Amino acid sequence: MKTNVDPKFVGLEVLKQKHAKTLAEFRAWAEAGDWASFHRSHYDWWMFPIDEPSGFGLAYTVFEEEIEELREDKQYLGDLQEGALLLGQSWGWDLMKRAPVPHPGPNQRWQNWPIRLYKATKCMKLFKMDEAYGSLRQYGRGLLAQGISFEYSRDLTWLFR
């Protein structure tokens, strides 16, 4: 598909508004060291939109044309990368250094949400954010090497192999 024409699609403005609101929450949680809030909250549909339907159907799904339009929005791209960086930190992963966070805080570790890592990683790939994509993929590969399952209603390992 080239564009999301589903009547339930929220549209790019709503998607961006929800993204901005959630990014503000991410910033506050990270500032407070409240990593548990990342793990118990639900946000991955609009924080890391991909070209696949979700539990919300196609409401937050983006295809080629939506991705291109969002890629032209420099503020959105910067916010998207920051969201990935903060999510990585919540798992104890430094996206920029491609390494574990030294001295992680309480709950700053993997919390067994492979679907979130999958969506964030695939989103970075779709948006051509190669450094972030490579770092998240490396993190996922490390988890797989530890024997952590990436089953979440289906096998998600293909993106990390």
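General remarks:
- Exclusive hit being over 12 Å from the mean Cα position of the chain (by Cα) and crowded, with 19+ Cβ neighbours inside 10 Å, set L80, L70: L70
- Taking the range 126-139 as the range and being over 23 Å from E66 (Cα atoms) and surrounded by fewer than 23 Cβ atoms within 10 Å (Cβ to Cβ) as the test, the residues that pass are R137, Q138.
- Matching residues, the range 39-52, being under 13 Å from I115 (Cβ atoms) and in a loop (DSSP other than H, G, I, E, B): H42, Y43, F48, I50, E52
- Residue satisfying all of: in the range 140-151; in a loop (DSSP other than H, G, I, E, B) and among the small types (G, A, S); nearest to E64 (Cα to Cα) among these: S149
- Matching option when the condition is in contact with a Leu (Cβ under 7 Å, 6 or more places away or on another chain) and closer than 17 Å to L156 by Cβ, among I67, I50: I50
- Some residue of the range 74-89 being of a type in the set (D, E, K, R), under 26 Å from N4 (Cβ atoms) and at pLDDT below 95: no
- The residue of the range 1-38 that is farthest from K74 (Cα to Cα), among those that are of a type in the set (D, E) and part of a helix (DSSP H, G or I), is E31.
- Failed condition for H42, given (1) in contact with a Lys or Arg (Cβ under 6 Å, 6 or more places away or on another chain); (2) surrounded by fewer than 13 Cβ atoms within 10 Å (Cβ to Cβ): (1)
- Criterion violated by M96 - all others in (1) surrounded by fewer than 20 Cβ atoms within 10 Å (Cβ to Cβ); (2) under 17 Å from R40 (Cβ atoms) satisfied: (2)
The values are calculated or read from the model by the stated rules, or taken from the named source; none is laboratory data. Please read all numbers here as calculations on a predicted model, not as lab measurements. Using ideal geometry, Cβ is built from the backbone for each residue, glycine included, and neighbour counts are taken over all protein chains shown.
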